[in-house]
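The values are calculated or read from the model by the stated rules, or taken from the named source; none is laboratory data. All of these numbers come straight from a predicted model, not from anything done at the bench. Please note: Cβ atoms are built from the backbone with ideal geometry, for glycine as well, and neighbour counts cover all protein chains shown. Just so you know, the surface numbers come from the protein's heavy atoms only, side chains and all, with ligands and any DNA or RNA stripped out. Shrake-Rupley method; radii C 1.70, N 1.55, O 1.52, S 1.80 Å.
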Amino acid sequence: MLRPNPRGDFPVVSESAFVDPTAILCGHVIVEDDVFIGPYAVIRADEADENGHVEPIRIGSGSNIQDGVVIHSKDGAAVTIGSRTSIAHRSIIHGPCTVGDEVFIGFNSVIFNCTVERGCVVRHNSVVEDCVLPAEFYIPSTTTIHSNTDLLTIPQVTQDATAFSESVAEMNVSLARSYRRIANEL
């Protein structure tokens, strides 16, 4: 369901993207080419700052927002999801936040008030908040990263983790195209 926010901003969705009919996109949301947005995802750009302004939530091309993901932001701040990025089932991305290109965020993870740079892998049930996670870091499952975390203790992404992330992104671009084709045939 696409709907405006109280300011009247309406989501803009590329014709090549697929948004599941059970998903809710509200307000200043921009969805680029070949994006897959799965069942029961909620993406809300509806909370304004003190001047009534709402920055966009932008989903980059070839990315996938899987089942039950919530993306929202405090006080009208921007959320940017890069290209070919996977946000796995039931994760929460709460802005202000930037998630770079080719990032994988695992099931049930929470990303809040931070930047996750290109090529990072955040595995399942992890929390990343109030920090900058440099490019190509690997966050193991159930890890919590804060502004005071010593990043020297965090490993770099392995080739296996990168290959897994790429395969998820490729599969979901294929799903977006297949579901769009089915919707056009109905």
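Each residue of the range 8-14 was assigned a 3J(HN,Hα) from its phi angle through the Karplus expression (A = 6.51, B = -1.76, C = 1.60, θ = phi - 60°), giving x, 5, 10, x, 10, 10, 4 Hz with x at Gly and Pro.
A straight line joining the Cα centroids of the range 114-186 and the range 1-66 runs 20 Å. If you take all other residues with their beta carbon under 13 Å from the beta carbon of Gly95, and give Lys and Arg +1 and Asp and Glu -1, the sum is -4. With kT/(6 pi eta Rh) evaluated at 25 °C and eta = 0.890 mPa s, and Rh the Kirkwood radius from Cα pairs, the range 33-141 diffuses with a coefficient of 184 µm²/s according to Stokes-Einstein.
In order along the range 110-115, the Karplus-derived 3J(HN,Hα) couplings, from 6.51 cos²θ - 1.76 cosθ + 1.60 at θ = phi - 60°, round to 10, 10, 9, 6, 7, 10 Hz, and Gly and Pro are given as x. For the range 55-61, backbone phi angles converted through the Karplus equation (6.51, -1.76, 1.60; θ = phi - 60°) give residue-by-residue couplings of 6, x, 9, 10, 10, x, 4 Hz, Gly and Pro being listed as x. Annotation: amide H of Val116 within the under-5 Å range of Thr98, Val99, Gly100, Leu133, sequence separation 5 or more or interchain, hydrogens built in the peptide plane.
Ranking Val128, Asn5, Gly95 by how far each Cα lies toward the positive end of the dipole of the chain (charges on Cβ) leaves Asn5 at the top.
Its Cα centre serving as origin, the range 110-183 has a Cβ charge dipole (Lys and Arg +1, Asp and Glu -1) of approximately 480 debye.
Here's how it looks for Arg58: its modeled amide H is under 5 Å from those of Ile30, Val79, Thr80, Ile81, which are all 5 or more places away or on a different chain. Projecting the Cα atoms of Ala163, Thr144, Val69 onto the dipole axis of the chain, where Lys and Arg carry +1 and Asp and Glu carry -1 at the beta carbon, places Val69 farthest toward the positive end. For the chain, the mean residue ellipticity at 222 nm estimated from helices alone is -5000 deg cm²/dmol, where every DSSP H run of n ≥ 4 contributes -39500 (n - 2.57) and the total is divided by all residues, rounded to the nearest 500. Taking Cβ atoms as reference points and 15 Å as the exclusive limit, the residues near Ile105 contribute a net charge of -3, counting Lys and Arg as +1 and Asp and Glu as -1.
Basic side chains Lys and Arg get +1 at the Cβ, acidic Asp and Glu get -1 at the Cβ, and with that the dipole of the range 1-80 about its Cα centre reaches some 140 debye. Taking packing as the residue-averaged number of other Cβ atoms within 10 angstrom, the listed peptides 142-154, 25-37, 159-171 run from highest to lowest as 25-37, 159-171, 142-154.
The H on the amide N of Ile139, modeled in the peptide plane, is under 5 Å from the matching H of Val121, Val122, Arg123, each at least 5 residues off or on a different chain.
Other residues with beta-carbon under 12 Å from the beta-carbon of Ile37 carry, at +1 per Lys or Arg and -1 per Asp or Glu, a net charge of -3.
Mean projected area of the Cα convex hull of the range 91-182, taken over all directions, amounts to 5.9 nm². Residues in the chain average 47 Å² of solvent-accessible surface per residue, probe 1.4 Å, ligands and nucleic acids excluded. Within the range 28-186, DSSP assigns beta bridges of which about 5% are antiparallel (rounded to the nearest 5). Globularity index of the chain is 0.98 (Cα radius of gyration / 2.2 N^0.38 Å, N = number of residues).
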